[in-house]
């Protein structure tokens, strides 16, 4: 019953402090406690029972988090739906989780009329407002005492390589990640976190984690650099949570030249590698600390961090920043292809164990078994541990290119290409080759007039011959999901 405990603690300690703020309204911790109790009773009166699934389809707003907390209090599972997916993809997720209700913004609900649910409630409609104010129904319903090992949510993976999988997370997982993260990050309880990432997948655990420390969370309905800069100023944000590409857009915005960003203490970034040039620019421009967030939905969210005190000076970064050390309560091991622990410095698959790990994929025992090896959860990320226990990521195992028996890591090629002053973005995938099995193909976003031959010469000066891309193709934009991850399945197609 972690979310309820979190809320009750903050009501006692910070009753008048804002819990959540969006562009329309805010709610204090005391107000959140009362509203979620009414919402929980209202859902119960309409037939939502412990163990039921409730789908949530909305842009980020206060009512989304109110719904999450209310359902946790009732013992029902919240199932966030990615509104950027196609109607068929959204319907498919709903059909697999069989929600008793779907709660969402009226406009989004209208786009998805076929979602299978008995109840449809608009977050921005009269029915939800009546529930949150207490419409007299359901107050006689006694709310259950939800156990720590009861499932709390089904969070779906970002589906960069295939169909999204439903990750079943219990209350104990949320608690374990929060307490372990806060022991490492040690934030002050007066922090204001501007969340630029969507609340429909595992990245929202970052917000829940800082809420446990009493933070105020500011929500944006979608990321726009000018809006984010204005929000930092207006709310005196101390922390901002984003992906590196968002940070680049933020610093490139014209408003960044005049915005008052002096309140910032930390930039939290994750979901994609931080380009060295962007890190150098951000350090110079913002003058605050940086914290890397490495996480995965299947292991409860963020489980590794590199704090500000461990971030090197920009001119001391050789190739890439390390991801950091594992948080308290969780364990990390690098396993080789035989499932044995790799030596320090040797590249293998990052695997995780601990109380934050998911209960399993929703109704998919085979996929759950495939991601587990000897009790460890496989991340699919290749990396190594250094002498100080820091994790260094190299690439995704599914993206690894094997050229004539030699491992080629696409991120290394991407970093080399991005080092060219005319290159704005790059993505590398493997393509079949009769002679070598696979060879790298580079997709590049570059300034007008840049030639493929020029970039191939540039790559030749930075990469060993077997790592060099076979060819370069220019595109207008590298496809990414809202979390900033490259959609390489689209490039391969």
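The values are calculated or read from the model by the stated rules, or taken from the named source; none is laboratory data. Computed from a predicted structure; not experimentally measured. Positions of Cβ are generated from backbone atoms using ideal geometry, with glycine treated the same way; all protein chains shown enter the neighbour counts.
Identify, please: which residue in region 473-493 is assigned to a helix (DSSP H, G or I) and touching a residue at least 24 places away in the same chain (Cβ under 8 Å) and is, among those, farthest from the chain's Cα centre (by Cα)? If you could, list the steps in order and put the result at the bottom.
First pass over region 473-493, keeping only residues assigned to a helix (DSSP H, G or I): 488-492.
From the residues that got through so far, the ones that are touching a residue at least 24 places away in the same chain (Cβ under 8 Å) too are 488-489, 491-492.
Values: 488: 18, 489: 19, 491: 22, 492: 24 Å.
The residue in question is 492.
For region 241-248, does any single residue satisfy the condition of being buried (at least 20 other Cβ atoms within 10 Å of the Cβ) and at pLDDT 95 or above?
Yes, that holds for at least one residue.
Among the residues that make up region 216-225, is at least one of them assigned to a helix (DSSP H, G or I) and closer than 15 Å to residue 197 by Cβ?
To start, the set of residues in region 216-225 that are assigned to a helix (DSSP H, G or I) comprises 225.
Going one step further and asking which of them are closer than 15 Å to residue 197 by Cβ, we end up with 225.
For region 216-225, residues assigned to a helix (DSSP H, G or I) and closer than 15 Å to residue 197 by Cβ: present.
Which residue out of 380, 389, 430 is assigned to a strand (DSSP E or B) and under 17 Å from residue 350 (Cβ atoms)?
Details: 389 fails: assigned to a strand (DSSP E or B); 430 fails: under 17 Å from residue 350 (Cβ atoms).
None of the other options fit; the residue is 380.
For the condition surrounded by fewer than 18 Cβ atoms within 10 Å (Cβ to Cβ), in contact (Cβ under 8 Å) with a residue 40 or more places away in the chain and over 16 Å from residue 301 (Cβ atoms), what is the one hit in 383, 389, 339?
389
Taking region 408-434 on its own, how many of its residues are in contact (Cβ under 8 Å) with a residue 12 or more places away in the chain and surrounded by fewer than 18 Cβ atoms within 10 Å (Cβ to Cβ)?
Total satisfying the criteria: 5.
Determine whether region 112-120 contains at least one residue that is crowded, with 17+ Cβ neighbours inside 10 Å and modelled with pLDDT of 95 or more.
Checking region 112-120: at least one residue is crowded, with 17+ Cβ neighbours inside 10 Å and modelled with pLDDT of 95 or more.
Kindly evaluate residue 322 against the criterion of being modelled with pLDDT under 95 and outside the structural domain of residue 287 (by TED's automatic domain parsing). Step through it out loud before you land on a result.
Numbers: modelled with pLDDT under 95: yes; outside the structural domain of residue 287 (by TED's automatic domain parsing): yes.
Yes, satisfied.
How many residues, within region 284-323, are assigned to a helix (DSSP H, G or I) and surrounded by fewer than 18 Cβ atoms within 10 Å (Cβ to Cβ)?
Looking only at that region, the number is 8.
Can you name the number of the only condition in (1) touching a helix residue (DSSP H, G or I) at 6+ places or on another chain (Cβ under 9 Å); (2) modelled with pLDDT of 95 or more that residue 231 fails?
The failed condition is (1).
Could you list, in sequence order, the residues of region 250-276 that are surrounded by 14 or more Cβ atoms within 10 Å (Cβ to Cβ) and more than 23 Å from the chain's Cα centre (by Cα)?
253, 255, 256, 259, 261, 263
Determine which member of the set 272, 237 is modelled with pLDDT under 95 and either assigned by TED's automatic domain parsing to the domain that holds residue 25 or not in a strand (DSSP E or B) (or both). Even if it seems obvious, please write down each step before you answer.
Values: 237 fails: modelled with pLDDT under 95.
Going through 272, 237 in turn, the sole match is 272.
Would you say residue 142 is in a helix (DSSP H, G or I), at pLDDT below 95 and either surrounded by fewer than 21 Cβ atoms within 10 Å (Cβ to Cβ) or assigned by TED's automatic domain parsing to the domain that holds residue 165 (or both)?
Numbers: in a helix (DSSP H, G or I): no; at pLDDT below 95: yes; either surrounded by fewer than 21 Cβ atoms within 10 Å (Cβ to Cβ) or assigned by TED's automatic domain parsing to the domain that holds residue 165 (or both): yes.
No; evaluated as a whole, the condition is false for this residue.
Which one of these does residue 94 not meet: (1) in contact with a strand residue (DSSP E or B) (Cβ under 9 Å, 6 or more places away or on another chain); (2) under 24 Å from residue 207 (Cα atoms)?
The single condition residue 94 does not satisfy is (2).
Would you check if there is a residue in region 122-132 being at pLDDT 95 or above, surrounded by fewer than 23 Cβ atoms within 10 Å (Cβ to Cβ), assigned to a strand (DSSP E or B) and touching a strand residue (DSSP E or B) at 6+ places or on another chain (Cβ under 8 Å)?
yes
Could you tell me whether region 450-472 includes any residue that is in contact with a strand residue (DSSP E or B) (Cβ under 7 Å, 6 or more places away or on another chain), surrounded by 15 or more Cβ atoms within 10 Å (Cβ to Cβ), in the same structural domain as residue 488 (by TED's automatic domain parsing) and assigned to a strand (DSSP E or B)?
So far as region 450-472 goes, yes, one or more of its residues are in contact with a strand residue (DSSP E or B) (Cβ under 7 Å, 6 or more places away or on another chain), surrounded by 15 or more Cβ atoms within 10 Å (Cβ to Cβ), in the same structural domain as residue 488 (by TED's automatic domain parsing) and assigned to a strand (DSSP E or B).
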